[in-house]
Amino acid sequence: MHFLLMYDYVPDILERRGPFRQEHLRLAWEAHDRGELLIGGAFADPVDGALLLFDTENLNDVKAFAENDPYVKNGLVTDWRVRAWTTVIGKDAKTPIRP
């Protein structure tokens, strides 16, 4: 199952993330190495949030990621939410539908 983890950032995220960035990236790369996190990154212009795409059967994996993320724990993320995503197009779609 694909899940989207969506973050909303504080307005001054770029100025405040420094002390937490390495730990945030470590957590993300570990999730990637386990095959859970496919791709992720911040929105650009403005940098007001982020989107991370997970591939896991367990919604709790995604929630645990967010709850342990130093950006969340240290108030750089003002809100986060997880949405199940039914993917139907592309080689990595979980439920491909062709015409």
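The values are calculated or read from the model by the stated rules, or taken from the named source; none is laboratory data. Since the structure is predicted, the reported quantities are computational estimates derived from the model, not experimental observations. Don't worry about glycine lacking a Cβ; one is built from the backbone with ideal geometry, like all the others, and counts go over all protein chains shown.
Just a few scattered comments:
- Scanning the stretch 1-60 for residues that are of a type in the set (Lys, Arg) and either touching a residue at least 24 places away in the same chain (Cβ under 8 Å) or in contact with a Pro (Cβ under 8 Å, 6 or more places away or on another chain) (or both) returns Arg16, Arg17.
- All helices (runs of 4 or more DSSP H) inside the chain with 3 or more residues being surrounded by fewer than 14 Cβ atoms within 10 Å (Cβ to Cβ) and modelled with pLDDT of 95 or more: 18-33, 59-68
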